[in-house]
1. Here's a check for you: in the stretch 305-338, which residue that is among the polar types (S, T, N, Q) and in a loop (DSSP other than H, G, I, E, B) is least open to solvent (accessible area, probe 1.4 Å)?
2. Looking at D183, D124, which is the one that is acidic (D, E) and at pLDDT 95 or above?
3. Across the stretch 155-213, what is the number of residues that are touching a strand residue (DSSP E or B) at 6+ places or on another chain (Cβ under 7 Å), charged (D, E, K, R) and farther than 25 Å from Y239 by Cβ?
4. Can you work out which of the residues in the stretch 217-271 that are of a type in the set (S, T, Y) and open to solvent by less than 40 Å² (accessible area, probe 1.4 Å) is modelled with the highest pLDDT?
5. Aromatic (F, W, Y), in a loop (DSSP other than H, G, I, E, B) and either touching a residue at least 12 places away in the same chain (Cβ under 8 Å) or buried (at least 19 other Cβ atoms within 10 Å of the Cβ) (or both) - does that describe any residue in the stretch 52-73?
6. Being open to solvent by 10 Å² or more (accessible area, probe 1.4 Å) and not in a helix (DSSP H, G or I), is that true of even one residue in the stretch 208-216?
7. Which condition breaks for V194 when tested against (1) open to solvent by 10 Å² or more (accessible area, probe 1.4 Å); (2) under 30 Å from E108 (Cβ atoms)?
Amino acid sequence: MTTPSPSPATTPVSGGPAAHPLNRLRPRRSCLAVPGSNPRFLEKAQGLPADQVFLDLEDACAPLAKEGARHHIVDALNNGDWTGKTRVVRVNDWTTHWTYRDVITVVEGAGPNLDCIMLPKVQDAQQVVALDLLLTQIEKTMGFEVGRIGIEAQIENAKGLVNIDDIAAASPRLETLIFGPADFMASINMKTLVVGQQPPGYPADAYHYILMRILMAARTHDLQAIDGPFLQIRDVDAYREVAGRAAALGFDGKWVLHPGQVDAANEVFSPSQEDYDHAELILDAYDWCTSEEGGKKGSAMLGDEMIDEASRKMALVIAGKGRAAGMQRTSKFEAPEA
């Protein structure tokens, strides 16, 4: 009997990292898109309070501008001040003839100053594996740390969503799954021209299944889930509404296409001060009640609320988001008197 070959989606890339690094969960509340062909925008983006900036070689660059944009991006990464930001470059997808040269030029030219490569229009695990292999070869050739540069996979059509579990398991470099709404809406013939808004005639949330499917795959593989752009860039209230939908489900952040959307994204994907304080109090109270001093109890009361291990897990999520956002506590836990 022939032994079946292991699935490429679950096989580590030869010569690459063998396990998903634990330090991949960077803040990504706001992910700012910047055209790689525009030096003025590349400079301006450095001063905006976005958690992540991705320098775009795909849709934001006309075909004749892509080659020059690669070199603008390398210069900006090497000479710009990106302090506090996750630095990402979105290359063109594998169905084009630009992808390999995008990756080689950018990574060879600015690899030490690059955090991730974003791969758009991912349809199957092999596309992620191919990028992982190329990155590994470049890193070895250039003497860079193998596996340090992460991958972000953008899901933009029905095939990508159907294959999302294999995609999410395709590489230990993978850090995020991203919803690309415009191309996705076109791929399923959705009846609307307004990206991110509900199509007329459908009484429920047309994006709920898509977002939840991406979120489940991301959480299964310890990845972040990022919502895509909202193109009505001057309608910040509508942006907040759409972003709030994704945040409520558990998404980690959303794209921003305009400086005016940055503060809204950072706010929506951060906990409120009240929730952050409460989460930290739960963690302190649980640590105390399970300690020798607290009686080694499995549960305890925090005010009128009973807390236990499940409460601790929920509080860790909120506290983690608050800490990543740089929030400061305004309350202090006091152990109850005996």
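1. Going through the qualifying residues, I end up with S331.
2. D124
3. Number satisfying all stated conditions: 1.
4. Looking at the filtered set, the residue picked out is Y239.
5. No, that holds for no residue.
6. There is no residue in the stretch 208-216 that is open to solvent by 10 Å² or more (accessible area, probe 1.4 Å) and not in a helix (DSSP H, G or I).
7. Of everything listed in (1) open to solvent by 10 Å² or more (accessible area, probe 1.4 Å); (2) under 30 Å from E108 (Cβ atoms), V194 misses just condition (2).
Yes/no matrix, rows are residues, columns are (1) open to solvent by 10 Å² or more (accessible area, probe 1.4 Å); (2) assigned to a loop (DSSP other than H, G, I, E, B):
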site	(1), (2)
G84	yes, yes
Y100	yes, no
M118	no, no
T141	yes, no
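The values are calculated or read from the model by the stated rules, or taken from the named source; none is laboratory data. No experiment lies behind these values; they were computed from the predicted model shown. With ideal geometry, Cβ positions are generated from the backbone for all residues, glycine too; neighbour counts draw on all protein chains shown. These accessible areas exclude ligands, DNA and RNA; they are computed on the full protein's heavy atoms, side chains included. Shrake-Rupley method; radii C 1.70, N 1.55, O 1.52, S 1.80 Å.
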